[in-house]
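The values are calculated or read from the model by the stated rules, or taken from the named source; none is laboratory data. What you see is a predicted model; the values in this text were computed from it and never measured. All Cβ positions, even for glycine, are placed from backbone atoms using ideal geometry, and neighbour counts span all protein chains on display. Heavy atoms of the whole protein, side chains included, go into the accessibility calculation; ligands, DNA and RNA do not. Shrake-Rupley method; radii C 1.70, N 1.55, O 1.52, S 1.80 Å.
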Amino acid sequence: MEMQEKIKIQQEYINKIKKLNVGKNLKYTILTMGCQLNENDSEKISGMIEEMGYTKTNKIEEANLIAFNTCCVRENAEDKLFGKLGEVKKYKEANGTIIAIGGCMMQEKHIVEKLKQSYPFFDVVFGPHTLYKFPEDIYETMLNKKRIEDILDIDGEVIEGLPIRRDDNIKASVAIMNGCNNFCSYCIVPYVRGRERSRNAKDIIAEIQCLAKEGYKEITLLGQNVNSYMRVERERGENVGEIDSFAKLLREVNKIEGIERIRFISPHPKDFTDDVIEAIKDCQKVCKIIHLPLQAGSSEILKTMNRKYTKEQYLALVDRMKAKIPGVVFSTDIIVGFPGETEEDFEETLDVVQKVCFEQVYMFIYSRRVGTPADKMENQISEEIKHARFNRLKQLVESQIQENNQKYVGTVQKVLVEGKSKTNENMLTGRTDTNKVVNFEGTDDLIGKIIELKILSEHMWYLKGEIK
Ligand code: 5AD
Ligand code: SF4
């Protein structure tokens with residue numbers, strides 16, 4: 001069946017549910033874990049739920065439908081889900097709340113087994129590949145009071161045309177591809193999100209044009225490996241049209257009137273070809289901060305991680321970009337305590353951090369994931385050493401951030417104003433091109449605009465500025 005046809009069927013389920021719900025003033029809440037791709041999926045789940053006639057609430061106790069969108073990249077997300085399920089059981093018992101659990105964790109068989117044994121009160125489990133069938137699953141459970149397990153092991157298709165309810169009205173994320181073919185040895189993503197497949201460029205462009213018309217200013221292009229956009233399709237010789245690479249896609253998005261900033265996460269260092277570097281340099285709207293996941297600084301560890309680059313190649317790439325793109329800066333992801341990581345290996349990580357001086361480092365303690373090669377490695381690192389290394393890395397990163405923040409003080413920065421500050425009603429907040437938060441005093445009419453601010457002081461996680 002054509003995808004369009006499949007979406008039409010789901011639209012019919014949405015209409016049926018809407019009829020059942022009419023006049024009931026029903027509410028829903030959604031709890032999202034994990035990465036921006038999951039947040040983007042949650043916006044689609046919310047879009048479908050709202051069309052079914054539910055309105056959003058942040059009060060979990062008053063929700064008639066609770067949706068979880070789970071992540072399984074690290075173990076702590078599991079504890080979070082089970083904790084929350086323990087909490088919502090009483091709402092289910094008291095009000096008959098519908099409980100639907102989706103996301104990457106549902107692709108893990110042992111997790112669904114545990115749900116059935118210890119939390120059998122759920123109504124629907126679904127995965128990333130069956131997300132578009134959410135209306136049908138909800139309808140079935142509403143009508144037949146049956147527990148639905150809708151998980152597919154094969155790779156899902158690229159889905160177009162789902163309703164979407166966006167969380168923000170200035171910044172939006174747009175998925176450009178799904179899945180991953182890299183199989184880094186620590187990572188569960190390729191097993192749960194399936195093989196890499198890219199969305200058609202014309203669909204991506206149409207979506208962004210629509211966002212621009214709605215007044216969105218900043219777009220983040222999302223994918224597990226964005227700089228290999230359309231690569232597998234190209235290699236298979238598929239007719240994918242003219243925009244058949246990430247560099248070309250960036251250039252097209254850059255042309256869209258109304259969009260003022262373009263970001264993307266995450267590229268893979270091994271796929272950072274020169275055409276992408278050229279495109280970043282040429283495209284004035286592409287922010288000159290590149291998220292370039294390092295994961296580890298030791299070439300030995302990178303090899304067992306299956307990252308396919310060495311420390312030297314990573315540093316050479318950074319240098320190449322610095323030489324070609326004026327003012328470019330970097331952020332990164334780092335894992336500490338990967339199996340077999342010695343003190344010397346860890347010091348190589350610290351060395352790269354020293355050398356690159358990242359704007360932001362997302363630090364993770366290695367977490368064993370069932371089914372990945374690294375989980376089977378014998379030389380696992382003790383929790384104690386992992387935590388000690390994490391703290392050493394954190395100290396270095398924080399001292400660098402503070403030092404780096406100092407460089408902003410006294411400069412004038414272009415800031416996209418995002419809204420009121422969450423901690424102070426009288427302040428506005430926005431971000432620099434390099435993604436630094438800046439708080440300042442200003443009037444609401446500035447929200448959604450890019451303005452120039454003079455940076456007055458730095459406060460670790462934000463800067464303070466004033467209108468120039
Ligand atoms: N343990 C710790 N961190 C992990 N990541 C992915 N898998 C694991 C794991 N098993 C981190 C990587 C990746 C980020 C999204 O999550 O740094 O870039
Ligand atoms: Fe996981 Fe590596 Fe794919 Fe990123 S590139 S999703 S870390 S396997």
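Here is a yes/no grid of residues against (1) crowded, with 20+ Cβ neighbours inside 10 Å; (2) on the phi < 0 side of the Ramachandran plot; (3) within 16 Å of ligand 2 (Cβ to nearest atom):
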{"residue": "Asp319", "(1), (2), (3)": "no, yes, no"}
{"residue": "Ile325", "(1), (2), (3)": "no, yes, no"}
{"residue": "Phe338", "(1), (2), (3)": "yes, yes, yes"}
{"residue": "Glu341", "(1), (2), (3)": "yes, yes, no"}
{"residue": "Glu347", "(1), (2), (3)": "no, yes, no"}
{"residue": "Asp351", "(1), (2), (3)": "no, yes, no"}
{"residue": "Val356", "(1), (2), (3)": "yes, yes, no"}
{"residue": "Gln360", "(1), (2), (3)": "no, yes, no"}
{"residue": "Met363", "(1), (2), (3)": "no, yes, yes"}
Note on the stretch 25-38: residues at pLDDT 95 or above and either touching a Phe, Trp or Tyr at 6+ places or on another chain (Cβ under 6 Å) or of a type outside the set (S, T, N, Q) (or both) are Leu26, Lys27, Tyr28, Ile30, Leu31
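Every residue, every condition in (1) in contact with a Ser or Thr (Cβ under 9 Å, 6 or more places away or on another chain); (2) within 21 Å of Met106 (Cα to Cα); (3) outside the structural domain of Glu39 (by TED's automatic domain parsing), yes or no:
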{"position": "Glu140", "(1), (2), (3)": "no, yes, no"}
{"position": "Tyr186", "(1), (2), (3)": "yes, yes, yes"}
{"position": "Arg193", "(1), (2), (3)": "no, yes, yes"}
{"position": "Lys217", "(1), (2), (3)": "no, no, yes"}
{"position": "Thr220", "(1), (2), (3)": "yes, no, yes"}
{"position": "Arg236", "(1), (2), (3)": "no, no, yes"}
{"position": "Lys248", "(1), (2), (3)": "no, no, yes"}
Contact list, first residue from the stretch 179-192 and on the phi > 0 side of the Ramachandran plot and open to solvent by 30 Å² or more (accessible area, probe 1.4 Å), second anywhere and near ligand 2 (Cβ under 7 Å from one of its atoms) and part of a helix (DSSP H, G or I), beta-carbon distance below 7 Å, six or more apart or interchain, is Phe183/Pro190
When you scan the stretch 138-160, do you find a residue that is open to solvent by 20 Å² or more (accessible area, probe 1.4 Å), under 28 Å from Asn435 (Cα atoms) and not β-branched (Val, Ile, Thr), even just one? no
Of (1) within 16 Å of ligand 1 (Cβ to nearest atom); (2) open to solvent by less than 40 Å² (accessible area, probe 1.4 Å), Gln224 satisfies every one except (2)
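Residue-wise test of (1) open to solvent by 80 Å² or more (accessible area, probe 1.4 Å); (2) in a helix (DSSP H, G or I); (3) of a type in the set (A, V, I, L, M, F, W, C).
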{"position": "Arg392", "(1), (2), (3)": "yes, yes, no"}
{"position": "Ile401", "(1), (2), (3)": "no, yes, yes"}
{"position": "Gln413", "(1), (2), (3)": "no, no, no"}
{"position": "Gly419", "(1), (2), (3)": "no, no, no"}
{"position": "Gly430", "(1), (2), (3)": "no, no, no"}
Worksheet item: Does Asn404 count as away from ligand 2 (no atom under 16 Å from the Cβ), more than 23 Å from the chain's Cα centre (by Cα) and either touching a residue at least 40 places away in the same chain (Cβ under 8 Å) or within 28 Å of Leu317 (Cα to Cα) (or both)?
Response: yes
Of those in the stretch 44-55 that are surrounded by fewer than 21 Cβ atoms within 10 Å (Cβ to Cβ) and touching a residue at least 40 places away in the same chain (Cβ under 8 Å), the residue nearest to Ile17 (Cα to Cα) is Glu51
Discussion item. Lys308 - would you say it is open to solvent by 20 Å² or more (accessible area, probe 1.4 Å), within 24 Å of the chain's Cα centre (by Cα), at positive phi and not β-branched (Val, Ile, Thr)?
Written reply: yes
Within the stretch 251-296, the residues that are open to solvent by less than 40 Å² (accessible area, probe 1.4 Å), touching a strand residue (DSSP E or B) at 6+ places or on another chain (Cβ under 8 Å), closer than 30 Å to Gln354 by Cα and among the hydrophobic types (A, V, I, L, M, F, W, C) are Ile262, Phe264, Ala279, Ile280, Cys283, Val286, Cys287, Ile289, Ile290, Leu292, Leu294, Ala296
